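Below is one structure; the comments refer to it alone.
The values are calculated or read from the model by the stated rules, or taken from the named source; none is laboratory data. Note that the structure is a prediction, hence the values are computed from the model and not measured. When we count neighbours, we look across all protein chains shown, and the Cβ atoms used for this are built from the backbone with ideal geometry, even at glycine.
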Amino acid sequence: MNGEANVKVKAIGRNGISAPILSFGSAPIGNLLREVSESEAQGAIAAAWESGVRYFDAAPHYGLGLAERRLGQALSNFSRSEYLLSTKVGRLLEPTSDFPGETDLADGFMVPKNFIRNYDYSGDATKRSIEASLKRIDTDYIDIVYVHDSDNHYEQALNGAFPALSKLRDEGVIKSFGAGMNQSKMLAEFVKHTDLDVVMLAGRYTLLEQGPLDDLLPLALEKNVSIVAAGVFNSGLLSKNRPTSDSTYDYAKAPAELIARVNQLADICESHGTTLPAVAAQFPLGHQAVANICLGARNREQVLRNAKLFEEDISVELWRELGSKGLVRPESVAGFLQGG
C-alpha cells in the first residue's frame, strides 16, 4: 500500500456511504480497563481527524455511554456531513442507584456504575437505544447501527432488532445497519436472512485467523455486504514488532506455540523492511469484502501510531511469501497480489 493508504476511501455497504479505510474505535476513551482523562480522550479524537479519519464507531456499552458522549462533544466542532458515525444496539442502558461508589470494571470499564445493561434485542428496545444514543452523541441521525454481540439472542435479534432497523433506515433516522460480533458464523446467518449491508467482525479475521473465509467473507461478496474489521491485533499479540512472553491473545496469556508463530511472521516482516503491526493492520484489506479497519486508541500518541501503520509500503513479495509458507491462506492476500 502507498503512503496515502490511511485516507484511501472505500464504499461501506450499498447505501452510498463511504469513508477512508481507517476508522476510530472509541472503546478505549470509554475508560476501557482504566481511566482516560477528558483531555486525553479529546486529544485522541482530534488526532484522528487530523490523520484523515472520518468514521467514528461507538456503543452504549463503552463506558456506559461515556464514549458516545465524548465523541459527540469532539465531533460537534465539525460539520455533520463530513464524517460517519456508528453505534450499536442490544445493551439497553437503564439508570440505577443500587451501586453507590462502585465502578463498572467487572464489565471492563472504569466508570461509576450508574447504569445497568439490559440485553434486549426487541424492536422497542432497539428504538429506545437509538433515541438514547442520539441524545448522548447530540446528533440528528446515525450513519450505521450495528446489532451488538447477539450471540445468545439470535431469534430475538432476527425478529426484533433487524426489522426495527430496516424501518428506521426507511424513515431516515439511520442510513445503514448491520451486526457486530466476535464470531463469523452468526454474522453469516444474519447476512443470509436480513437486508443488512455491513458487518463489524472483531478479532476473527487477522494474520492469525482466517476462518471467516469459509463462511462470512464469500457470502459478503455475493450479497454486496461490506466488512469492517476490528480487533486485528488479537488483543495485543500482533500489536508490537515482536511478541513478548506475556503477550495476550484474545485477552488471555498467549500460548508458546502461538508466540513462536508470531515470531516467524515478524521475521518475514523484518526481511521485507516493514513491521508486524503494519502488516497486521493492513492484512484484512487483502480481501475484497473488507472495506474498513477499525482501531481503538485512548490518546493522541496511539492514534498517530495507528495512522502510520497504514503509511508503510508493504511489498507484494511479503504477501506472496506469507501465502506460500502457509502462514496465511492464499485467498486472503489475493487482492494484494492482484493490485487491489
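A compact table of results
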| quantity | calculated |
| --- | --- |
| Check on Ala278, assigned to a helix (DSSP H, G or I), over 16 Å from the mean Cα position of the chain (by Cα), on the phi < 0 side of the Ramachandran plot and not charged (D, E, K, R) | yes |
| Number of positions in region 299-321 that are over 17 Å from Lys240 (Cα atoms) and surrounded by fewer than 23 Cβ atoms within 10 Å (Cβ to Cβ) | 9 |
| Whichever residue in region 69-103 is surrounded by 13 or more Cβ atoms within 10 Å (Cβ to Cβ) and over 22 Å from the mean Cα position of the chain (by Cα) and, among such residues, is nearest to Asn292 (Cα to Cα) | Thr103 |
| Residue check, Arg204 assigned to a loop (DSSP other than H, G, I, E, B) and within 25 Å of Leu84 (Cα to Cα) | yes |
| Close pairs from region 41-65: first under 16 Å from Gly25 (Cβ atoms) and assigned to a strand (DSSP E or B), partner among the hydroxyl-bearing types (Ser, Thr, Tyr) and modelled with pLDDT of 95 or more, Cβ under 6 Å, at least 6 apart | Tyr55/Ser23; Asp57/Ser23; Asp57/Ser86 |
| Index of the failed condition, Leu196 passing every other in (1) in a loop (DSSP other than H, G, I, E, B); (2) surrounded by fewer than 22 Cβ atoms within 10 Å (Cβ to Cβ) | (2) |
| Of residues in region 141-172 being assigned to a loop (DSSP other than H, G, I, E, B), of a type outside the set (Phe, Trp, Tyr) and at pLDDT 95 or above, the one surrounded by the most Cβ atoms within 10 Å (Cβ to Cβ) | Ser150 |
| Residue in region 222-259 that is nearest to Arg204 (Cα to Cα), counting only those that are touching a Pro at 6+ places or on another chain (Cβ under 9 Å) and assigned to a helix (DSSP H, G or I) | Gly236 |
| Selection within region 76-108 - in contact with a helix residue (DSSP H, G or I) (Cβ under 6 Å, 6 or more places away or on another chain) and either farther than 23 Å from Leu158 by Cβ or among the hydrophobic types (A, V, I, L, M, F, W, C) (or both) | Val89, Leu92 |
| Odd one out for Val225 among (1) touching a strand residue (DSSP E or B) at 6+ places or on another chain (Cβ under 8 Å); (2) without any contact (Cβ under 8 Å) to a residue 60 or more places away in the chain; (3) surrounded by 15 or more Cβ atoms within 10 Å (Cβ to Cβ) | (2) |
| Check on Asn306, closer than 30 Å to Thr87 by Cβ and not acidic (Asp, Glu) | yes |
| Residues satisfying the stated conditions in region 105-140, i.e. farther than 27 Å from Ala229 by Cβ and acidic (Asp, Glu) | Asp120, Asp124, Glu131, Asp138, Asp140 |
